[in-house]
Amino acid sequence: MIVEQIIAASIVMTTPILLAAMGGLVNRQAGIVNIALDAKMLTGAFVAVVVSSATGSWLVAVIAAALAGALVGLLFSLVITRANANMIVAGLGLNVFVAGFLGFILTWVYKSSGTLRLPDVQLLPHFLPESVSGVPIIGRALAELEPLTVFAWATVFVLPFLLASTRIGLWVRVTGNAPQVARSMGLPQKSIQDFSTSFAGFYSGLGGAHLALASIGLFNEGLTAGRGFIALAAFYFGRDRPVATAMVCLLFGFLEATQIRMQTAGLPPKLIGTIPYLMVLVALCIAGWRASRRKALS
Amino acid sequence: MADASVESQSSMMSPSIWLEKGFGLAFPFIVALVVAAVILLVIGENPIDIFSLMAKESFGSERRIAATLSAATPLLFTAVATAICFRTGVFNVGVEGAFVVGGIAAAFIGFSLPAGMGFAIILVAFAFAALVGAIWLYIPGVLLAKLQVDEVVSTLMLNFVAFGVTGYLVNGPLLSEVSGNNVTPPVHEAAELTRLMPPSTLHAGFIVGILVVIAYAVWTRRTPTGFSAAMVGYSQRFSRAVGISVPASIILVMVLSGVVAGFGGASHALGQLHRFTDGFSPGYGFTGMAVALLGRNSAIGIVLGAILFGALASAGTTIQLFSNIPLDLVNIIQGTVMIFAVVEIGRLRFLSRRAAP
Amino acid sequence: MAEAATARADATVRLGARNISKSYGPVRANRDISLSVAPGEIHAIVGENGAGKSTLMRILQGMEHPDSGAIIVDDQEVRFSQPQQALETGIGMVHQEFMLAPDLTLLENLVLGDEPVSLAAGPLSRIDWAQALQSGEELAKKTGVAVDWRRRAGGTPVHIQQIVEIIRLLRRGTRILILDEPTAVLAPQQVEDLFVLLRNLRDTGTTILFISHKLKEVVALADRVTVIRRGEVSYSANVAETDSDTIARYIVGGNDTSLIETGRASRSKTGDGEVVLNVTGLEAPSLEKSHPLHGVSLSVRKGEIVGLAAVSGNGQDELVECLVGLRSASKGRVELLGGDVTHATNGERRRKGIAYISADRRHEGLATLAPVQDNVVAGSHDRPPIGKGMFLSLKQKRRVATERLASVDVRYGHLSDPVSSLSGGNQQRLVFAREIASDPKVMVVSQPTRGVDLNGIAAIHKLLLQFRDDGGSVLLVSEELEELLYLCDRIVVMAAGRIVGEAPVEGTDIAEIGRMMVMQGHADG
């Protein structure tokens, strides 16, 4: 019973991180470290709640959230690729800007501070019949399965193919790996980067929509709780490879799902919460140490 | 090797370039004000009215000025801590984390040492906060200097570790037994920094902050290590070739940055909050980055920038009461400043390239 | 796949330049250069570093625009506003830095920008890897080389990378192939293979423009040779009708006899002074596209200027870095004034009395965006009179900077202007001002007059001679043989990471040294 609950919760917790991480890794493969995934998730969550309430359709809400995320991503990208802005500072600035902007709208338009509750918000549907919950171990997870989780995992397995075998996939990889080669082969390097950042925004927007519409059905200023940065940690640790990154996301989702339980076992949740970041630090150290040894040997 | 016959353009610094530089300093802020004005127009407010109200609310009276300076205090520290690294070409975004761990370190000293020690507690608390902050940023500094570990990611990650660890401490070992969740016990009265203009919260930390800015100015211009660090920021290859140790400079500026950020945390804990709480910093480290960028790492620029952002914060709070304009306008302005502070570098480069024959 | 632009069979000039000139600020990189390459010809362009070859190639490839003059393709005047257009016209270039993405496979690199697709859907089109592989294999067969297309480019030997790059261009319809020093990174056997390949290509109708330093290769491969010296065409001939001595003379300016007869400065007066810098059996790994050091030994005595003559990329940069402490030697010994400094840092060696004029003035010799005064005091900022304990005296900094700048007559606007506002000659004088001020015993000087105007050159020569007459020692690395002959007391020749000869200056023929530099490179490499 507990195992079933943990599995179900882990999967739900993984989805938003996973979506943002898939976007972020494509972005990084094209040579842009996107530190503003959080801002796009927040945008997506907000738009999802507003649109879901207005239209009563979760599907329209999700699409709107993704497009809003992509739009923010595109604007962000233009600042970097066309105006030569430093991507780190601009990213941190965008996080501050979006938080301020959404807070402003929340206060001004909805006269609410921090939380937005709207009537008739349609949540993501659980589309499998209730009877699947009878399946041992994963039954509960199956019963709670909604379209965005399916879409996220489908992406994990389609993305390697897209990156390896489509034109745009090849272009994205060469742009990040050797921009001067991309340029000399006549590829529109900047537009490719703009595309990849919009892609990251699209997926982060979906991640935000999942946060808002998976179960709670409302928007809150602190809704993302740094998940954009967890996603960043995930693809750094997964070295931009979709499946490896997804596994890291799953681990992070599991940690989040079990935090409360671990507390009763004497493990403080706040400390558990630092594990993703410590993992990245350790991974960076190992990579750095290896590189310096290789240099010393050659 | 390519032909080395291409010469750099030989053009003297003309007055117009200095003008351009001056404009460059104001440019991000002007853009931010335009953005804010547009938003205000959209919601049907007169931007001029609001801006003048904001100016009045931040500088209009002695009390308001005190509130502004009080809000500027933590930014003096975080901006200096950021600028120390940025001018060396080290992209340290971990000042926020060092500020927070410094804060909890100072608070811990402030309530755990015997109250009878009096003023000495403050000294010990600042020293301990500086030590903790220094160790905190020493780690990514060494990783960068010795193993070329990307400092952006390592310091960013360390921020979250700082939030987690301090969040754990204030809910566990250092939790106040009387005051409920997420706070440490208050520091002894002897450990509190003097309030300068009661009832305002402006405290002696502001003076410490100004002293830190002065020390920074002295360090940048009048010390060999400050000079070396600047050269490393200009060009690492050049520095190596003239005999400056690049790793030593990198580690030094990270440690100094940690010391200053730790001081900032101590000032905030002992002067403002009189304890450590979860959510100790609403992003002072990142606002400090905006200040440093806006002030172009110069001491005067940092003081002006900190006061500007302090004014925004203090005006924002009261303006929400008077005019229904949400406080979040301040974040919008801050975010815009950060984005355009870096955009503008590209713009300047564009202009000077066009100006070249 | 891109259709090759239809080649005109009857064209007399496949690729040409008509009176091309190009200046960068005060430096005239190309002056009135005319060139014509016939269809199916291998045409070599030779000249020293900085002679203007690369500028010309960048122009032909559409990466730069000439100030005046025109490019000719198939007897027609053409204009390129970007490299893409040159590529579409059939001009493809293999650069010195290989243009393959290291993390992609060779096959991915091959199709980049021109992918065969099995399902057309714009950017989402699915790439037809089978067809890609087939086209790669076909072209590889033509070149007679086996390529493992699934390998990561970064993990592939350089000669294969180079061939893949050539194949990539051929696949995109290139019929005029420009190769920029293609043999610089190749072992002798690989050079042979490349030549076989290039001859094959020529015989099947590809026109080849081949840039090189190495006369032996030019003579072995090219049909026609053009020499560029100081931005101008100094010589052009059919290879069958000339010989390498003649070409060498035109490269190094040996025909300009006036300079050779009168171009000698006073010689060292001290002569057999003590040895101040001694290197024995030095070995070190190489920088990219260069040669590692093999048992290099040399010494510099008090009060003499020793020249080190080498074509770029033959190990002189590695040697210089080992001497000044910017690179660690894997074997051998460096002694400075009798003390072992093999493992000393750059700072430690400087304190012992070594100074360094870098060949890369803009990135290593100077911090170009930093103020003039900071550039001229850097390195002595932490010692009296400027550095006093924990502090630095601004007044002393200004005073020292002003004195140093005046001592070598640097023209500058204001002490706090960025160094980039100075002319090339003044920048280099500033570097000398800084380095000489520390009162060194030995100066390691690399390419001191590159990109410096005539007045600047004279001033720098005077500085070096003055330094020597005051008892200083200099190791001078230069590709300008005239400069070496003018300044040095003795010349050491280096090729392929080894010392291949030494000659006193008196009675040495410039062509003789030139031959050692250019011919010996692969004789024992």
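Would you check if C:Ala222 is assigned by TED's automatic domain parsing to the domain that holds C:Ala17 and modelled with pLDDT of 85 or more?
Criteria met by C:Ala222.
Do we find a residue being in contact with an Asp or Glu (Cβ under 9 Å, 6 or more places away or on another chain) and basic (Lys, Arg) anywhere in segment C:391-407?
yes
Please find, among C:Asp67, C:Asp74, the residue that is open to solvent by less than 30 Å² (accessible area, probe 1.4 Å) and not polar (S, T, N, Q).
Answer to the check: C:Asp74.
Of everything in segment A:105-135, what is without any contact (Cβ under 8 Å) to a residue 12 or more places away in the chain, in a loop (DSSP other than H, G, I, E, B) and within 20 Å of A:Val12 (Cβ to Cβ)? Give them in sequence order.
Within segment A:105-135, A:Pro129, A:Val135 meet the criteria.
When you check B:Gly335 against the structure, is it on the phi > 0 side of the Ramachandran plot and within 12 Å of another protein chain (Cβ to nearest Cβ), yes or no?
Spelling it out, it is not the case that B:Gly335 is on the phi > 0 side of the Ramachandran plot and within 12 Å of another protein chain (Cβ to nearest Cβ).
Which ones in segment A:258-298 are facing chain B (nearest Cβ under 7 Å) and farther than 15 Å from B:Leu143 by Cα?
Answer for segment A:258-298, where residues must be facing chain B (nearest Cβ under 7 Å) and farther than 15 Å from B:Leu143 by Cα: A:Pro268, A:Lys270, A:Leu271, A:Gly273, A:Thr274, A:Tyr277.
Just to check your reading of the model, which residue among A:Ala61, A:Ala36 is within 13 Å of chain B (Cβ to nearest Cβ), out of contact with any Asp or Glu (no Cβ under 6 Å at 6 or more places or on another chain) and small (Gly, Ala, Ser)?
Matching residue, one of A:Ala61, A:Ala36: A:Ala36.
Scan segment C:181-200 and tell me whether some residue there is open to solvent by 10 Å² or more (accessible area, probe 1.4 Å), in a helix (DSSP H, G or I), at pLDDT 90 or above and not small (Gly, Ala, Ser).
Checked segment C:181-200: at least one residue is open to solvent by 10 Å² or more (accessible area, probe 1.4 Å), in a helix (DSSP H, G or I), at pLDDT 90 or above and not small (Gly, Ala, Ser).
Give me the pairs, please: first residue somewhere in segment B:244-268 and under 19 Å from B:Tyr234 (Cα atoms), second residue anywhere and aromatic (Phe, Trp, Tyr), beta-carbon distance under 6 Å, and either six or more positions apart or on two chains.
Filtered contacts from segment B:244-268: no entries.
For B:Val132, state whether it is touching a residue at least 40 places away in the same chain (Cβ under 8 Å), outside any helix (DSSP H, G or I) and either buried (at least 20 other Cβ atoms within 10 Å of the Cβ) or under 25 Å from the mean Cα position of the chain (by Cα) (or both).
no
Restricting attention to segment C:496-525, report how many residues are modelled with pLDDT under 85, closer than 19 Å to C:Asp245 by Cβ and of a type in the set (A, V, I, L, M, F, W, C).
Matching residues across segment C:496-525 total 9.
Which one is nearest to C:Val431 (Cα to Cα), of the residues in segment C:345-369 that are among the small types (Gly, Ala, Ser) and crowded, with 24+ Cβ neighbours inside 10 Å?
For segment C:345-369, the residue satisfying everything is C:Gly365.
For segment C:79-119, which residues satisfy the criterion of being open to solvent by 20 Å² or more (accessible area, probe 1.4 Å), assigned to a loop (DSSP other than H, G, I, E, B) and facing chain A (nearest Cβ under 10 Å)?
Of everything in segment C:79-119, those that are open to solvent by 20 Å² or more (accessible area, probe 1.4 Å), assigned to a loop (DSSP other than H, G, I, E, B) and facing chain A (nearest Cβ under 10 Å) turn out to be C:Gln82, C:His95, C:Glu97, C:Phe98, C:Met99, C:Pro102, C:Asp103, C:Gly113, C:Asp114.
Mind listing whichever residues of segment A:9-36 are touching a Cys at 6+ places or on another chain (Cβ under 6 Å) and of a type in the set (Val, Ile, Thr)?
A:Thr14, A:Ile17, listed by residue number.
For segment B:21-46, how many residues meet the condition of being open to solvent by 50 Å² or more (accessible area, probe 1.4 Å) and either modelled with pLDDT under 80 or within 26 Å of A:Ala90 (Cβ to Cβ) (or both)?
Within segment B:21-46, residues that are open to solvent by 50 Å² or more (accessible area, probe 1.4 Å) and either modelled with pLDDT under 80 or within 26 Å of A:Ala90 (Cβ to Cβ) (or both) number 9.
If you scan segment C:333-378, which residues turn out to be of a type outside the set (Gly, Ala, Ser), under 29 Å from C:Val275 (Cα atoms) and part of a strand (DSSP E or B)?
Of everything in segment C:333-378, those that are of a type outside the set (Gly, Ala, Ser), under 29 Å from C:Val275 (Cα atoms) and part of a strand (DSSP E or B) turn out to be C:Arg333, C:Val334, C:Glu335, C:Leu336, C:Asp340, C:Ile354, C:Tyr356, C:Ile357.
Here are A:Phe101, A:Phe97, A:Phe46: which of them is among the aromatic types (Phe, Trp, Tyr), in contact with a helix residue (DSSP H, G or I) (Cβ under 6 Å, 6 or more places away or on another chain), modelled with pLDDT of 95 or more and outside any loop (DSSP other than H, G, I, E, B)?
A:Phe46
For the subset of segment A:90-121 comprising residues that are facing another protein chain (nearest Cβ under 9 Å) and β-branched (Val, Ile, Thr), which member is most open to solvent (accessible area, probe 1.4 Å)?
That would be A:Val109.
Within segment B:167-174, is even one residue more than 11 Å from chain A (Cβ to nearest Cβ) and either over 27 Å from A:Arg227 (Cα atoms) or over 18 Å from the mean Cα position of the chain (by Cα) (or both)?
Yes, the conditions are met somewhere in segment B:167-174.
In the list A:Glu130, A:Glu146, which residue meets the criterion of being more than 9 Å from chain C (Cβ to nearest Cβ), modelled with pLDDT under 85 and on the phi < 0 side of the Ramachandran plot?
Residue meeting the stated conditions: A:Glu130.
Name the residue that is surrounded by the most Cβ atoms within 10 Å (Cβ to Cβ), counting only residues in segment C:376-424 that are touching a strand residue (DSSP E or B) at 6+ places or on another chain (Cβ under 9 Å) and touching a residue at least 40 places away in the same chain (Cβ under 8 Å).
Checked segment C:376-424; the qualifying residue surrounded by the most Cβ atoms within 10 Å (Cβ to Cβ) is C:Val419.
Filter segment B:179-196 down to the residues that are outside any loop (DSSP other than H, G, I, E, B) and over 25 Å from the mean Cα position of the chain (by Cα), then identify the one that is surrounded by the fewest Cβ atoms within 10 Å (Cβ to Cβ).
B:Glu189
So which residues in segment A:229-257 are aliphatic (A, V, I, L, M), within 13 Å of chain B (Cβ to nearest Cβ) and in contact (Cβ under 8 Å) with a residue 40 or more places away in the chain?
The answer is A:Ile230, A:Ala231, A:Leu232, A:Ala233, A:Ala234.
Specify the residue that is nearest to the other protein chains (Cβ to nearest Cβ); the eligible residues are those in segment C:120-137 that are open to solvent by 10 Å² or more (accessible area, probe 1.4 Å) and of a type in the set (A, V, I, L, M).
Ranking the candidates gives C:Leu124 first.
Would you list the strands (runs of 3 or more DSSP E) that sit entirely within segment C:423-525 and hold 2 or more residues that are closer than 21 Å to C:Leu405 by Cα and not assigned by TED's automatic domain parsing to the domain that holds C:Pro182?
Filter on segment C:423-525 gives C:442-446.
Could you figure out which of (1) in contact (Cβ under 8 Å) with a residue 24 or more places away in the chain; (2) open to solvent by 10 Å² or more (accessible area, probe 1.4 Å); (3) within 17 Å of C:Val306 (Cβ to Cβ) isn't true of C:Val452?
With (1) in contact (Cβ under 8 Å) with a residue 24 or more places away in the chain; (2) open to solvent by 10 Å² or more (accessible area, probe 1.4 Å); (3) within 17 Å of C:Val306 (Cβ to Cβ) applied to C:Val452, the lone miss is (3).
What about C:Leu326, is it on the phi < 0 side of the Ramachandran plot, part of a strand (DSSP E or B) and assigned by TED's automatic domain parsing to the domain that holds C:Pro448?
For C:Leu326, the condition - on the phi < 0 side of the Ramachandran plot, part of a strand (DSSP E or B) and assigned by TED's automatic domain parsing to the domain that holds C:Pro448 - is not met.
Evaluate the following for B:Ala81: is it part of a helix (DSSP H, G or I) and closer than 19 Å to B:Gly205 by Cβ?
Answer is yes for this residue.
The values are calculated or read from the model by the stated rules, or taken from the named source; none is laboratory data. Everything numeric in this text was worked out from a predicted model, so none of it was measured. Because the Cβ atoms are built from the backbone with ideal geometry, glycine has one as well, and the counts that use them run over all protein chains shown. Note: areas computed on protein heavy atoms with side chains; ligands, DNA, RNA excluded. Shrake-Rupley method; radii C 1.70, N 1.55, O 1.52, S 1.80 Å.
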